[in-house]
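Below: the structure, in structure tokens.
The values are calculated or read from the model by the stated rules, or taken from the named source; none is laboratory data. Just so we're clear, the structure is a prediction, and the values are computed from it rather than from any experiment. Here the Cβ is made from the backbone with ideal geometry for all residues, glycine too, and neighbour counts use every protein chain on show.
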Amino acid sequence: MPDTSPLEVGQSREVALRYVRFDVTGFAKRLTKADLLTLPKDQRRRLWLLDLNIAGTDGAPKLIDNSLRAIRDLDPNDPALGTAERNMVRLLRMTPDTARLEGTSMEEMLRIAPRIGLAPAQVLADSLGINPEDSFLPLERAKNAILRNVIRSHPNARQRLGPKTPDNPEGVYPVPFGHLPVTLEDTASDFASLSETFGPYAKDGVYHPGFIVGQVASSILKPDFAMTVKANPNALPFKGVDGTIAAVASVNSIGNDKRPLFDFSDPDWLQIDGLPDAPLQIDRLTFQIVDHPEFHRAGTSPYPAPRGSSSAWNLPPWTFEYVVLEDSMVEFAGRDFARDYFFGSNPDPLVRMRIENGWMTVETAADLGSPPPPLYLHDMLLEAAQVRLHDGPDPARPDQDRIPEGQATIRFELQNIPIGVTADRIHQAIRENIEADPTGLVDVAATLFDNGSGSPDFFYVRAEDDNAPALRGDWLFFVGPDDMGRDEAGNPKRDYARYERVGFYSDEVLTAKASDRTRVNGDDVREKVRIDADAGQRVYYQDDDGAAFEVAATRKITDRQIVLRITRIR
Amino acid sequence: VRRALVAAAVLASAARAGASGLTPPSVGHVWSGPVTADAAAVFWNPAMLADVRKARIEGNVDLVFPSIRYTRERRGVYQREDSFKFRLPLEESDIDRSKTGVGPEVAAQNVLIPAGSLFAAVPVHDRVTMGFGFFGLAGAIITFPEFGPARYQLQEASLLGMALTAGVGIRVNEWLRVGVTAYYVAGRMGLRKVADLAGTDLLGKALANPPINQPNDFGMNAPTGVRELAVLSRPFTLTGAAASSATFSLGLAFEPSKVLTIGLAYVHQVPLKLQGRFGLDMNDEFFTQDLAAQGLKYPPLVEGDAFVEFSLPSVVKLGVAVQPSKDFRLQLLVEYFRYSELKAFNITLRSAGLAQPSLGVSDVVKLVEPLSWKDTVTVGATGIVRAFPSVELGLGLGYQSSASPDSTISLASPDGDRIVASAGGRLTVGRFELTGALQVHHVLTRTVTASDFDKANGTYKVTLVLFSGSLAVTF
């Protein structure tokens, strides 16, 4: 057995290193859910598979469309639903015909309209430019409002984690609008992780209550789900030296080699099993929109246009109030409308309604009573929505036992919601995305097949015919940040920052750099130096404990084997 | 003489040793044979025991001085030993052109190998004589240099063989004798070499099986391009492999006239299964840690039980003695060894350390070394002259054909067509007979170019010099 006792200052020891490649082709690794769960969580979260289109932007209904449709189709009298949820169902179904404006700024209008022979619903429909039987909040608009505000405001729906690369050292990537990122973590957990990813968020001064809460379950992936990847690794690690003990240590070669790990020209390089033939669906998901604890009145000023002065504009976008307000503004901010309402043969109008850029003013004859105050249409709808959301449990007596403000947060536990994406599409998307950037999967492979061991400071590489003639020969590569190995939690085993002087030097005091990042065997990220055993070349370096060493190439055993004498000099 | 021929194979070869070598290089004295009436007839031809009319004891000591030289000629294309390409074709950069060609000569490092035998014959009736024998081969060791062209074939082989016999010869009438002998055969052998795992299924299966799924050229039929890689060249030892078995021989002797004796004997085949321990040095990071994530992980030293199976071949012996006068005797010998019964040399290794469960490799590995040996024929003639009343002198000349074909020859069985010459003398004083002999047998230089997978191509030069001495006492 080789001597692995710590090297004392002034002590030397010879170490033989070899450069042997075991170039495996088409190495198939099947990763079941259980296998995936053995990976460090951070790695699972960083292996992005696809951005799941939830918005139905291509015409076909997707998760959010189907979810809202399912909510709308619920029985508003179903005792299994909470009061707030039942009120939300009614809101989604509400039309001018079924609207109740009691308690809103438009309440006066309800009293005026009958006196001039008009139906309040018609006045309301006129103001909004819709038919009395049309929904105030069509599903398509509700979907977009929720996407824009509730979902898009969640940091994890705007950006996702991915591999840390030199170009993206933080490993944060944007997510397209209308999509949710799906990672290996989601697949491995049957999407239970969605409630963590899109649940409450509080970080760096950003807060979001989340829009997916509680337990999530999915049959998108069957119990026998597995990913089978075919890789082409050099299965043998690079042999290096841990100067502290002047002994051989190994650097992980997986994903760290000149050969591409995956051959994307092979149509079978990635196989995914366990995607059901039936339409894919989320079995259970609880969707949430938070009620703000205050009632927000319509603004009294049209300025700043086109929003107006309602205090609701100061709310976070993920609140129910803001969603309704923003959606209504987008819909009606440009509405211009004017109508005079007459009664009998009286040539003078009893009511004059004017709407300019969504700002509505109503004038009434002197004996008809006070008109409603001027207000934006979106404020009018916000008030209506707030009042209705907090109605009491009895639809016949909505003002009894009303829900206090702030306690009408809506949580719909949805079941069996089709996601509107086929298994083939998911398969294809995963392939395309990983092929476009295999870094994440390479990282996973590097963890799964980690063949490194010990604490090497540098390793030996033989540059051969696939390098330019001037580069061929023996090289010592100084380890890089990715060579620290990872513990079970995915954290580096060693702190690379402890290498205060990265690379090799030609003098003992480590002032004359001998190494650079010349591209050798496809590597241009590590410091490296050519070493000549015939000349007895010596280089110097400092390890992660601050000890300094002399490395002398003493002889070659074969072309791919070299003997180094390691001397600790400090 | 032909016993010494057998000894050459025995001493040089664990395999051949197993096949024929649990017998000593010379049994009885130099002139013992199927038509010799001495105590050693219990071995040679029990029918001839019937002609031993007085009780006698015979002791024999042999000293063998071997010279075994080998010059390897690699004729195949090899990859560099520091590579690890497991499947052809090879890229030019992986080929070591310097390996192909003639290498340096190596020689067995032994200088002396002892052997001996002890026999007794006791007449129990005027027509019946019992015979007893012990013959053994003590500490026969052949050693080749640790490094060099012999290391994949043999670094060291040791052999301790013995046989106990008991037989009876019956004089049926004036011209016919019959006899039978029971054998108890025991042996113990050891072997040390560098095992080329590329030529076994040990690693080939591990790589080919799921989950690694790498079709490879490793295995018994591995081409030279994937053989003799440094990583896969693992020191192997077989120690204390012992076995015992029993067999029998039948003999007839005819004496159609006073000047002519014809002896015929048959020795039955002896199946042997030696059981010992093996050690396979896997102390290379390739095996102990580098591929652990792929499920390949051996302990640094794999130890376990080893089972070696082969058979001692059946033999038919024919001897003719012509004695035209009291002072001259001519002995002719023909032996036919059924070496074709040996198809292969089978080694079974069993050890928990061999098992690689995740790669579908069990704890049992069978290594088959094909032999495809041929039956051999020995012919020889010895003339014995009584020079003085108490002194006899003899000269012998013989030939033995080769058992191993070019395809399977190795330093473990470096035989060939052999010429054997002997010169001996006997001094008889009263009840004592003292016999001494010098035997030289020379294997005709054999150049092999058709060794399977280029494992043993090259030139073989084998010469054995054997000094033997015998003392017989008649009562």
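Within region A:25-61, the only residue that satisfies the criterion of being within 14 Å of another protein chain (Cβ to nearest Cβ) and more than 25 Å from residue A:225 (Cβ to Cβ) is A:25. Within region A:491-499, does at least one residue satisfy the condition of being among the aromatic types (Phe, Trp, Tyr) and out of contact with any strand residue (DSSP E or B) (no Cβ under 7 Å at 6 or more places or on another chain)? The answer is yes, given that some residue of region A:491-499 is among the aromatic types (Phe, Trp, Tyr) and out of contact with any strand residue (DSSP E or B) (no Cβ under 7 Å at 6 or more places or on another chain). Every condition in (1) under 30 Å from residue A:121 (Cα atoms); (2) part of a helix (DSSP H, G or I); (3) of a type outside the set (A, V, I, L, M, F, W, C) holds for residue A:77 except the one numbered (2). Looking at B:202, B:137, B:159, just one residue is modelled with pLDDT under 90, surrounded by 23 or more Cβ atoms within 10 Å (Cβ to Cβ) and over 18 Å from the mean Cα position of the chain (by Cα), and that residue is B:202.
Could you go through region B:217-224 and let me know if any residue there is closer than 26 Å to residue B:81 by Cβ, outside any loop (DSSP other than H, G, I, E, B) and more than 14 Å from chain A (Cβ to nearest Cβ). Within region B:217-224 (the criterion being closer than 26 Å to residue B:81 by Cβ, outside any loop (DSSP other than H, G, I, E, B) and more than 14 Å from chain A (Cβ to nearest Cβ)), the answer is yes, since at least one residue qualifies. In region B:427-441, the residue that is farthest from the chain's Cα centre (by Cα) out of those that are over 30 Å from residue B:68 (Cα atoms) and in a strand (DSSP E or B) is B:429.
Residues in region B:317-345 that are touching an Asp or Glu at 6+ places or on another chain (Cβ under 7 Å) and touching a residue at least 40 places away in the same chain (Cβ under 8 Å): B:317, B:336, B:337, B:338, B:339, B:345.
Restricting attention to region A:222-235 and to residues that are part of a loop (DSSP other than H, G, I, E, B) and surrounded by 24 or more Cβ atoms within 10 Å (Cβ to Cβ), the residue that is farthest from the other protein chains (Cβ to nearest Cβ) turns out to be A:233. Does residue A:188 fit the bill of being crowded, with 22+ Cβ neighbours inside 10 Å, within 24 Å of residue A:485 (Cβ to Cβ) and more than 14 Å from every other protein chain (Cβ to nearest Cβ)? Spelling it out, residue A:188 is indeed crowded, with 22+ Cβ neighbours inside 10 Å, within 24 Å of residue A:485 (Cβ to Cβ) and more than 14 Å from every other protein chain (Cβ to nearest Cβ).
Restricting the search to region A:87-98, which residues are farther than 17 Å from residue A:67 by Cβ, surrounded by 21 or more Cβ atoms within 10 Å (Cβ to Cβ) and not polar (S, T, N, Q)? Listed by number, the list holds a single entry, A:96.
Kindly provide the set of residues from region A:522-570 that are among the polar types (S, T, N, Q) and either without any contact (Cβ under 8 Å) to a residue 40 or more places away in the chain or within 14 Å of chain B (Cβ to nearest Cβ) (or both), ordered by number. Selection gives A:537, A:558, A:561. Within region B:381-423, which residues are closer than 20 Å to residue B:434 by Cα and not in a strand (DSSP E or B)? Result: B:389, B:390. Restricting attention to region A:1-24, the residues that are within 13 Å of chain B (Cβ to nearest Cβ), in a loop (DSSP other than H, G, I, E, B) and under 23 Å from residue B:301 (Cβ atoms) add up to 4. List pairs: first in region A:27-38 and modelled with pLDDT of 85 or more, second in a helix (DSSP H, G or I) and surrounded by fewer than 18 Cβ atoms within 10 Å (Cβ to Cβ), Cβ under 6 Å, 6+ apart or cross-chain? That search, which allows pairs on different chains as well, returns nothing. Looking across region B:354-382, the residues that are within 30 Å of residue B:303 (Cα to Cα), among the small types (Gly, Ala, Ser) and touching a residue at least 60 places away in the same chain (Cβ under 8 Å) come down to B:358, B:360. The residue that is farthest from residue B:195 (Cα to Cα), counting only those in region B:366-391 that are in contact with a Ser or Thr (Cβ under 7 Å, 6 or more places away or on another chain) and among the hydrophobic types (A, V, I, L, M, F, W, C), is B:377.
Of all residues being within 14 Å of chain A (Cβ to nearest Cβ) and of a type in the set (Asp, Glu) in region B:243-290, which is surrounded by the most Cβ atoms within 10 Å (Cβ to Cβ)? Just the residue, please. The qualifying residue surrounded by the most Cβ atoms within 10 Å (Cβ to Cβ) is B:290. Residue B:251 meets each of the listed conditions (1) touching a strand residue (DSSP E or B) at 6+ places or on another chain (Cβ under 6 Å); (2) without any contact (Cβ under 8 Å) to a residue 60 or more places away in the chain apart from (2).
Could you tell me whether any residue of region A:497-513 is more than 14 Å from every other protein chain (Cβ to nearest Cβ), over 37 Å from the mean Cα position of the chain (by Cα), free of Cβ contacts under 8 Å to residues at least 24 places away in the same chain and part of a strand (DSSP E or B)? There is at least one residue in region A:497-513 that is more than 14 Å from every other protein chain (Cβ to nearest Cβ), over 37 Å from the mean Cα position of the chain (by Cα), free of Cβ contacts under 8 Å to residues at least 24 places away in the same chain and part of a strand (DSSP E or B).
On inspection, residue B:382 does not qualify as modelled with pLDDT of 90 or more, polar (S, T, N, Q), under 30 Å from residue B:275 (Cβ atoms) and crowded, with 20+ Cβ neighbours inside 10 Å.
For residue A:420, state whether it is buried (at least 21 other Cβ atoms within 10 Å of the Cβ) and modelled with pLDDT under 85. Answer is yes for this residue. For region B:140-153, the condition holds for no residue, the condition being that it is under 30 Å from residue A:238 (Cβ atoms) and surrounded by 22 or more Cβ atoms within 10 Å (Cβ to Cβ). Within region B:291-320, the set of residues being more than 14 Å from chain A (Cβ to nearest Cβ), among the aliphatic types (A, V, I, L, M) and within 30 Å of residue A:451 (Cβ to Cβ) comprises just one member, B:302.
Look through region B:66-117, keep the residues that are among the aromatic types (Phe, Trp, Tyr) and within 14 Å of chain A (Cβ to nearest Cβ), and return whichever of them is farthest from residue B:231 (Cα to Cα). So the residue we want is B:78. Just a yes or no: is a residue in region A:467-484 of a type in the set (Asp, Glu) and within 14 Å of chain B (Cβ to nearest Cβ)? Yes: one or more hits.
Residues that are assigned to a helix (DSSP H, G or I) and not polar (S, T, N, Q) were ranked within region B:92-107; the one that is surrounded by the most Cβ atoms within 10 Å (Cβ to Cβ) is B:94. I'd like to check something: does region A:442-454 contain any residue that is away from chain B (no Cβ under 14 Å), more than 25 Å from residue A:556 (Cα to Cα) and either in a helix (DSSP H, G or I) or without any contact (Cβ under 8 Å) to a residue 12 or more places away in the chain (or both)? Yes, the conditions are met somewhere in region A:442-454.
State whether one or more residues within region A:198-217 are at pLDDT below 90, surrounded by 22 or more Cβ atoms within 10 Å (Cβ to Cβ) and of a type outside the set (S, T, N, Q). No, the conditions are met nowhere in region A:198-217. Filtered by the rule that a residue be surrounded by 15 or more Cβ atoms within 10 Å (Cβ to Cβ) and among the hydroxyl-bearing types (Ser, Thr, Tyr), region A:501-530 gives A:505, A:506, A:515, A:518.
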